[in-house]
1. Please work out which residue is farthest from V135 (Cα to Cα), limiting yourself to the range 240-289 and to residues that are of a type in the set (A, V, I, L, M, F, W, C), open to solvent by less than 20 Å² (accessible area, probe 1.4 Å) and away from the ligand (no atom under 13 Å from the Cβ).
2. Limited to the range 125-142, what total is found for residues that are farther than 30 Å from N336 by Cα and in a loop (DSSP other than H, G, I, E, B)?
3. Would you please name the residue that is farthest from A379 (Cα to Cα), looking only at residues in the range 391-438 that are β-branched (V, I, T) and within 22 Å of the chain's Cα centre (by Cα)?
4. Mind listing just one residue for me: the one in the range 181-216 that is out of contact with any Asp or Glu (no Cβ under 8 Å at 6 or more places or on another chain) and among the basic types (K, R) and, of those, most open to solvent (accessible area, probe 1.4 Å)?
5. Name the one entry in T90, T104, T96 that is closer than 18 Å to L13 by Cα, among the hydroxyl-bearing types (S, T, Y) and within 14 Å of the ligand (Cβ to nearest atom).
6. Checking D391 against (1) at pLDDT 95 or above; (2) buried (at least 17 other Cβ atoms within 10 Å of the Cβ); (3) under 22 Å from S138 (Cα atoms), which test does it fail?
7. State the number of residues belonging to the range 128-150 that are closer than 19 Å to S316 by Cβ and acidic (D, E).
8. T422 - would you say it is in a helix (DSSP H, G or I), touching a residue at least 24 places away in the same chain (Cβ under 8 Å) and surrounded by 15 or more Cβ atoms within 10 Å (Cβ to Cβ)?
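The values are calculated or read from the model by the stated rules, or taken from the named source; none is laboratory data. Just so you know, these numbers come straight off a predicted model, no measurement behind them. Reconstructed Cβ throughout: ideal geometry from the backbone, glycine too, with neighbour counts over all protein chains shown. Surface accessibility is based on the protein's heavy atoms, side chains included, excluding ligands, DNA and RNA. Shrake-Rupley method; radii C 1.70, N 1.55, O 1.52, S 1.80 Å.
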Amino acid sequence: MAGNNPFHLAWFLQGSSIQAWGAPWTGNISEEWMSADMFVDLARAIERAGFDYLLIEDSIYVGQNWQNSRDIFLKNGMSIPRQEPTVVATLMAQATKHLGIVPTLSTFAYHPYLVARIVGTLDQISAGRGGWNMVTGSSDFSAQNFGMEALPSHDTRYEMAHEFIEIVTRLWDSWEPGAIVADRKTGVLIDPAKVHTIDYHGKYYASRGPLNSGPAPQGRPVIAQAGGSGPGRAIAAKYADTIVAHPKGVDAMKDYRNDVRQQMMGLGRDPDGCKILFLIAPIVAASQEEAQIRADRRRADAVANIDQRLAQFGWSTNLDLSGCDLDAPVGELTTNGHQSSLQQFLKRAGGKTLREAIVGYSTGGGSVDLVGTPDDVAAQMDEIMQEVGGDGFLFYLGDVSRKSVAEITDGLIPALQQRGLTRTGFGGKHLRDNLLEF
Ligand SMILES: Cc1cc2nc3c(=O)[nH]c(=O)nc-3n(C[C@H](O)[C@H](O)[C@H](O)COP(=O)(O)O)c2cc1C
């Protein structure tokens, strides 16, 4: 690849759904969303632009984190509807040839055998482009959809997740390379000596194996992880091929990356074996003025819709902040949900009022703010990556439409490619090969 410091790109899709309800340029999405065509088009567009993978976010409940009601979520289409990501992943895999497809499957909602089988099958049908975004969940409402009162505590969830991943990876390993002999002379399809049970009996899970869906092209499909807390980072350092993270600011990004790499080395892993991608929500337009107008509009929108912003924040942190005084300083808050998200919010809130804090948080644009022309934003991304040391960015657009996607794939990405910063083709056959290419 040309250029000095190439970096990786991935896309964070907040479910296939009625994205950006009410936003301009979303076509007839409210009628057409079920077919997932827009999201299949997205997969094609980002593949053409050289993204390594598309991560499909998931949550398995309807929010009720505002006045203990679902109304604000349903009326405004906030994180609802959400289609089953593994089904949509299959459509995306069929429509692409190089793009990695990484659906989210929560450890509390699936059994490890099923995750090994689903992701293994995705890897097979995509010829080695399958991945799994491993999350532990955050909402008691989601737990109640599966017959539980509440989720286990945050740290217990990660303890359970260690066992969970152990089972998944052992099941993927339950087929030795070359197990399918397909010998027409002897009539033997599979060599029984190369397919093994795993006989795992843990504190939380057990599984016999072998995996009946057969071997995956990548052996072990790619594991993505997004934990920001101590236990979250530890599990990522142990198992992840890629991490998606949103520490705020260049120093925090650097610290996060150094910490995970240090932990990986402590575990005997090559730190370059895991690509850490930082969340960004760039606003790219033909001129700096136009980009700034849109950034200002994003902020004005947050100011005008404080309740929605707080409800959305409560949705991800398992809190209901509807009883809090908007104009008083943010007080003590604790959660059994995404802890690092809450801590980050509190850190940034400082002495601010809840109103000011949520506007800043919800318009913050990810790890760094990027607003400008394709050239300006490409130059900033270059600078940031040089300072952080790697490994790339995870794009998130709150207003997914074919137009907003094109601003990235046909506006910003060519500017990055011209600088030799991102790929113009795929060197590897499998998703992991592409992640390890540079
Ligand atoms: C970019 C990104 C994507 C995430 N995607 C999901 C998701 O799809 N589903 C989910 O339940 N949690 C998701 N999370 C939450 C993480 O799994 C994790 O719980 C959160 O970052 C807080 O870290 P902690 O659990 O270690 O405190 C995501 C987080 C980030 C930063």
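1. A285
2. 4
3. The extreme case among them is V400.
4. Going through the qualifying residues, I end up with R184.
5. T104
6. Going through (1) at pLDDT 95 or above; (2) buried (at least 17 other Cβ atoms within 10 Å of the Cβ); (3) under 22 Å from S138 (Cα atoms) one by one, D391 breaks only (3).
7. Of the residues in that region, 1 qualify.
8. no
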